[in-house]
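Reading through the structure tokens given below for one structure.
Nothing in this text is a laboratory measurement; each read-out follows from the coordinates by a stated rule. The structure presented is a predicted model; accordingly, all values stated were derived computationally and were not measured. All Cβ positions, even for glycine, are placed from backbone atoms using ideal geometry, and neighbour counts span all protein chains on display.
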Amino acid sequence: MDNIDNMERKNSSPQVNIKFLSLNLFLRPPLIHTNESDYKDDRLRYFIRNIIHNYDIICLQEVFSSYTLRQNRLIQGAENRQFLYSVRSPKPKLWSTQIVDCGLVILSKYRIVESEFKPFTYSLLPDRLSYKGMLYAKISINGKNVHVFTSHLQSKHPTEDSAQYLAYRLVRRSQLIEMRNFVDDKIGKSNDAVIIAGDLNIDGREELKPPAFPDIECKDDYEHFINILSKYGKSDLIDVMRTKYGYSPATFGRHDENNNPLETVLTASDQTLWDESLDHILMINEKASGVTINWTETCVEPFYTPGQPFTQISDHAGVQISFRC
């Protein structure tokens, strides 16, 4: 009887509202910049002082730790703002061919009870120079486990070669298969909520555009993305942003209704109008886990920075979700 009473008390505990952010913060290693300046230190300072306190869990990409202390400063600043738990991707081994880490960080105000980094088997240059992989954290919230995975998949670097363009796509798909296997390894047969988030370099708006090359299939990246991560419809998977908006909203190279670029300080001039949806949040087991998405507070967030020499916190917009757990 006592056990039943304890279970009822646990199940009747009030839900808490969680604000979750995924953002490519664009803090590359020293000496690398796109235009006149990337304003890395200024943007990091602004992010710590003005943005992170609004969230409970944050997944970040491109916060590199190699040859810089910026990642350490981020984590220290986060700890001072109640993010007592964090995990980050490791630096490459000294004897490896990689020269930098892959810049992944998960910050949480809730206890991280398990974490792991799993490197990808394949990547192509220049991505191969970083120790690319997936970062995982199991986070305990209100008596429930939420499994968070973040990654920064193979980039599609500008190329005139259709074979190279296709190779980037195929490597991303191999990485997605590894990601889905990693998810299965971690959650087993449980109905716990799963969040997959990051700059996944898969353009959800690709089908709206002319094909990049006429001799290969150039409009199936998103279809493969969803099929692989949903195990071809066997998993209860939600693309949160596409569900919210009814389409995949742009997060990189965004423009206004008059086709004027919205970000030009940090973005290369030939990429300011790319109009790509590269940053994603996917949820698995929303219904079975008892997690409820608050769609009103779920959106693309560009993080404009008035009064600064940079107009956004990053060249990417962030994606945020609010849910009750």
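A few comments on the model shown:
- Ranked Ile226, Ile32, Ile177, Ile58, criterion: other C-beta atoms within 10 Å, fewest first: Ile32, Ile177, Ile226, Ile58
- Distant-in-sequence amide H partners of Glu114 (H built 1.01 Å from N, under 5 Å): Lys138
- Relative contact order (percent, whole number), the chain, Cα cutoff 8 Å, 6+ residue spacing: 19 percent
- GNM top mover of Glu217, Glu257, Glu79 - the chain, alpha-carbon springs below 10 Å: Glu257
- Cα gyration tensor category, rounded, prolate or oblate, for the range 165-261 with a/c compared to 1.5: oblate
- A prolate overall shape is assigned to the range 4-110, the ratio a/c of its alpha-carbon gyration tensor axes (a ≥ b ≥ c) being 1.5 or greater and a/b exceeding b/c.
- All Cα pairs of the range 211-273, percent lying beyond 17 Å: 62 percent
- Gyration tensor (alpha-carbon) shape descriptor, the range 80-120, a/c threshold 1.5: prolate
- Rounded to the nearest 10 degrees, the angle from helix 40-50 to the longest Cα principal axis of the chain is 30 degrees.
- The three principal axes of the C-alpha atoms in the chain carry coordinate ranges of 70, 50, 43 Å, sorted with the longest axis first.
- Alpha-carbon centroids, the range 74-94 and the range 220-292: separation in whole Å: 26 Å
- Among Thr251, Thr159, Thr150, the residue with the largest mean-square fluctuation in a Gaussian network model of the chain, with springs joining Cα atoms closer than 10 Å, is Thr159.
- A Förster radius of 41 Å, combined with the Cβ-Cβ distance separating Thr296 from His157, puts the computed FRET efficiency at roughly 0.65.
- Distances between placed amide hydrogens fall under 5 Å for Ile281 paired with Val240, Met241, all partners being 5 or more residues away or on another chain.
- Residue exposure sequence - His157, His147, His224, His316 - by fewest surrounding Cβ within 10 Å: His157, His224, His147, His316
- Top of Lys231, Lys93, Lys156 by mean-square fluctuation, Gaussian network on the chain, Cα under 10 Å: Lys93
- Sum of -39500 (n - 2.57) over DSSP H runs of 4+, divided by residues of the chain (222 nm, nearest 500): -7000 deg cm²/dmol
- The range 234-325: relative contact order as a whole-number percent, Cα under 8 Å and 6+ apart: 32 percent
- Fewest-first ordering of Tyr55, Tyr222 by other beta carbons within 10 Å of each residue's beta carbon gives Tyr222, Tyr55.
- Label point at Thr311 placed 7 Å out along Cα→Cβ; residues across the range 252-267 whose backbone nitrogen lies under 11 Å: 254-256, 260-267
- In degrees, nearest ten, helix 70-79 long axis to first principal axis of the chain (Cα): 30 degrees
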